[in-house]
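The next block holds one structure in the form of structure tokens; read it before the comments.
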Amino acid sequence: MRKTTVVAAGLAVAASLVLTGCKDGNEEVTPAAPSAPAGQASQPAGQPSGYASAPAGSPSAGGYDGSTGAPAAGGSGAVAKSGQAFKIGEAATVPFSYGSNKGGQIALTVTGIEAGTPADLTPLNVADKVKGQTPFYIRYTIKNTGTTDLSFASVGHIKGLLDGGSESGVLLTIGKFEKCPNESLPQGFTNGKTQTGCAIALAPTGAKVTGAEYWGDPYNNLSSPAQKGLTWK
């Protein structure tokens, strides 16, 4: 099976389309960076742009084997096990590190999945890339439940699941997209602090995104024992 990853690159730059197979590693696909057409001004400040790989310092939990359920250092509660399933609205305790901020822990909760319309994506200038597909907005919350300051970290690696359980397409953006805002965690994101996030999934016309999967480290680690993502439905 193949899924579609569309990279929204803003109004001044053409979007890129990447076809990828199902998850088979720890990395996301990185297409060649798009460039502005000759003679065109650089992208206006504040306009959405996109990428298809996690920024430098993407989540890493190091050493978690997915079977013990032990909490991260300084955290509380049992860590979600490889492949564990949750109901929408239930929190998963997830080991989380970012850059130099190691050994953190978050409570990740998918709070809802909302259907959008193709017209929503007009500001991203990707109409030719997403023809015949409908956006769905996966909304989630992140709560710092550990003792590590996660200032400026980015929590991503969330994708949609279609009715039959197959992966949906993915639309990745950089910059503000009002329909589905997703910003880095703010400065001072310490224990007890909470922020909302959103991921854009793409479904063929007539299909629905009914679930979500978190596949950040360590749940995308194929080392023995191989890990599976956490799911919400």
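Name the residues in the range 188-233 that are closer than 28 Å to residue 124 by Cα, loosely packed, with under 14 Cβ neighbours inside 10 Å and not hydroxyl-bearing (Ser, Thr, Tyr), would you? Scanning the range 188-233 gives 204, 206.
Could we say that residue 199 is part of a strand (DSSP E or B) and in contact with a strand residue (DSSP E or B) (Cβ under 8 Å, 6 or more places away or on another chain) here? Here the answer is yes, as residue 199 does meet what is asked. If you take the residues of the range 216-233 that are in a loop (DSSP other than H, G, I, E, B) and touching a strand residue (DSSP E or B) at 6+ places or on another chain (Cβ under 7 Å), which of them is farthest from residue 136 (Cα to Cα)? Only one residue fits best here, namely 218.
For residue 127, indicate whether it is free of Cβ contacts under 8 Å to residues at least 40 places away in the same chain and among the aliphatic types (A, V, I, L, M). In short, yes. Of the residues 192, 216, the single one that is under 17 Å from residue 86 (Cβ atoms) and not polar (S, T, N, Q) is 216. Only residues that are farther than 24 Å from residue 202 by Cβ and in contact with a strand residue (DSSP E or B) (Cβ under 9 Å, 6 or more places away or on another chain) were counted in the range 93-136, giving 11. The single condition among (1) more than 18 Å from the chain's Cα centre (by Cα); (2) aliphatic (A, V, I, L, M); (3) closer than 14 Å to residue 94 by Cβ that residue 142 does not meet is (1).
Read-outs: derived from the displayed coordinates by stated rules, not from any lab. Here the structure is a predicted model, which means the values were calculated and not measured. For neighbour counting, all protein chains shown are included, and Cβ atoms are generated from backbone atoms with ideal geometry for every residue, glycine included.
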